[in-house]
Amino acid sequence: MKHLQVALWGVFPYVALILFFAGSLWRYRYDRFGLTTRSSQLHESRLLSIGGPLFHFGLLFVLAGHVVGLIVPEWLTEDVHVSEPLYRANALLVGGVAGTATAAGLAILLWRRLRVRAVRAGTGRSDRVLFPVLAAVLLAGLTATLMGPVSGNYDYRLGVSVWFRSVWELDPNVPAMTSAPLVYQVHALLGMALFALWPFSRLVHAFAAPVGYVTRPYVVYRSRGAGPPSGARTGARR
Ligand code: HEM
């Protein structure tokens, strides 16, 4: 049993991280033009335009919540007068709403993928692994958050978060995780599996998100027949 716990919480995190970073590098080197979501927008756009933003914007808030909850230690939030009950109430409200929006968005996207024939036809082997894992990660996370108040209010910032930080310090605190309720353990294991799958699935499109689009220079259009703009040099080419 002890060996299994060390394998799950002391070794698997590094296997997942190596797969994530090495796989992404490999994909970038050898399949740079394949870093795409393999968009199916041409086949169906109405459900996509609802499910897509719901999933992605919800996920942005969920991930922001993880950064605070897993990285910022409890003593630091208490130092700035955010008490544990206040933090918990806030996490329940914001995390609950964001997590529900993300799960609802994913449900719409999955429904579309199963019901629209052309979209289903474009569903590959990696999707058949990815989507169930993604759905399970979200459901386990939401269950942990929403069950909190009725299951004795486990303080994950004194357990899961301590383990999470210890992984990055290269000194994994296995007991901090084995003493967490099962739903947290399942959630974290599935979360790591998702990162291991990342480079080998359509999730790689996150690396090709067109963020530069926001600051790119304007594209100047000119009509075909228009003469040169006033003040422009009209002389022959040198
Ligand atoms: C090793 C990786 C991860 C760890 C350690 C982790 C840990 C946690 C913890 C401690 C909670 C809070 C439960 C509570 O409020 O009591 C949570 C909630 C949640 N997690 Fe994760 N998580 C991980 C990865 C992920 C990933 C990759 C996703 C989504 C793709 C995700 C989605 C969620 C959702 C939807 C919730 C519930 C709503 C929320 O709090 O935002 N988690 N997770």
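The values are calculated or read from the model by the stated rules, or taken from the named source; none is laboratory data. Keep in mind it's a predicted model, so treat the numbers as computed, not measured. All Cβ positions, even for glycine, are placed from backbone atoms using ideal geometry, and neighbour counts span all protein chains on display. The accessibility values were calculated without ligands, DNA or RNA, using every heavy atom of the protein model including side chains. Shrake-Rupley method; radii C 1.70, N 1.55, O 1.52, S 1.80 Å.
Summary of values
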quantity: Total residues in the range 11-37, condition of a type in the set (K, R) and loosely packed, with under 12 Cβ neighbours inside 10 Å; calculated: 2
quantity: Enumeration of residues in the range 40-76 that are over 23 Å from the mean Cα position of the chain (by Cα) and either near the ligand (Cβ under 10 Å from one of its atoms) or touching a residue at least 24 places away in the same chain (Cβ under 8 Å) (or both); calculated: H43, E44, E74
quantity: Residue ID - nearest to the ligand (Cβ to nearest atom), chosen from residues in the range 166-176 that are part of a helix (DSSP H, G or I) and open to solvent by less than 60 Å² (accessible area, probe 1.4 Å); calculated: V167
quantity: Only listed residue being of a type in the set (A, V, I, L, M, F, W, C) and modelled with pLDDT under 75, chosen from A193, A206, A232; calculated: A232
quantity: Candidates S161, S201, S179, filtered to the one that is away from the ligand (no atom under 11 Å from the Cβ) and in contact with a helix residue (DSSP H, G or I) (Cβ under 8 Å, 6 or more places away or on another chain); calculated: S201
quantity: Test for V214: is it of a type in the set (V, I, T), out of contact with any Leu (no Cβ under 6 Å at 6 or more places or on another chain) and assigned to a helix (DSSP H, G or I); calculated: yes
quantity: The range 119-158 - residue that is outside any helix (DSSP H, G or I) and not small (G, A, S) and, of those, farthest from the ligand (Cβ to nearest atom); calculated: T123
quantity: The range 110-123, residues that are open to solvent by less than 30 Å² (accessible area, probe 1.4 Å) and touching a residue at least 12 places away in the same chain (Cβ under 8 Å); calculated: R112, R113, V119
quantity: H187 vs. criteria within 12 Å of the ligand (Cβ to nearest atom), open to solvent by 20 Å² or more (accessible area, probe 1.4 Å) and not acidic (D, E); calculated: yes
quantity: Unmet criterion (only one of (1) within 14 Å of the ligand (Cβ to nearest atom); (2) surrounded by fewer than 14 Cβ atoms within 10 Å (Cβ to Cβ)) for L106; calculated: (2)
quantity: Residue tally, condition within 14 Å of the ligand (Cβ to nearest atom) and open to solvent by less than 50 Å² (accessible area, probe 1.4 Å), over the range 79-94; calculated: 3
quantity: Candidates L76, L47, L42 - the one that is of a type outside the set (K, R), surrounded by fewer than 13 Cβ atoms within 10 Å (Cβ to Cβ) and under 29 Å from L203 (Cα atoms); calculated: L42
